[in-house]
Amino acid sequence: APAPAPAPAPAPAPAPAPAPSDIGTAVSNPNMDPALRTMMEGRTNFQLRSVFSATVRPPKTTRGCPICCSYQLREMCFSNCSRRNTHCILPEEDLVPLRQFTQTHIVEPDLGRRTQ
């Protein structure tokens, strides 16, 4: 009689599902600009991305790099951010356009304050 066929090998385990997005690890800004801190105080009830549109883009550094508003205004971002080169203490000449952006697009329209 022929030998029984060997049992099939178990199927390999499926690969783990990829993370929804590879955002890296959380990074915090321990040196938030005091003027920006005052402007942002109490403004937690909105998504920063809601400020941006086809015509409203993040301000840029004097070198032309878009500034990470999450890191500079919310004090937190992620290590794989495409604007991570601005996860630092910005020089005054780069803070000027960021403060103006914050005044124009967040403070004046009074975004993010919780209503009672």
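Structure notes:
- Per residue, the accessible area of segment 28-106 comes to 55 Å² when a 1.4 Å probe rolls over the protein heavy atoms.
- What the phi angles of segment 72-86 give under the Karplus curve with 6.51, -1.76 and 1.60, with θ = phi - 60°, is a coupling list of 7, 9, 9, 6, 7, 7, 10, 5, 9, 4, 5, 10, 4, 5, 9 Hz, glycine and proline written as x.
- Heavy atoms of residue 95 accessible to a 1.4 Å probe, total area in Å² rounded to 10: 10
- Sparse-neighbourhood loop sites, trypsin sites (Lys or Arg not before Pro) in segment 23-116 - DSSP loop, at most 11 other Cβ within 10 angstrom: 63, 114
The values are calculated or read from the model by the stated rules, or taken from the named source; none is laboratory data. What you see is a predicted model; the values in this text were computed from it and never measured. Positions of Cβ are backbone-derived with ideal geometry, glycine not excepted, and every protein chain shown enters the neighbour counts. Keep in mind that these areas ignore ligands, DNA and RNA; they rest on the heavy atoms of the full protein, side chains included. Shrake-Rupley method; radii C 1.70, N 1.55, O 1.52, S 1.80 Å.
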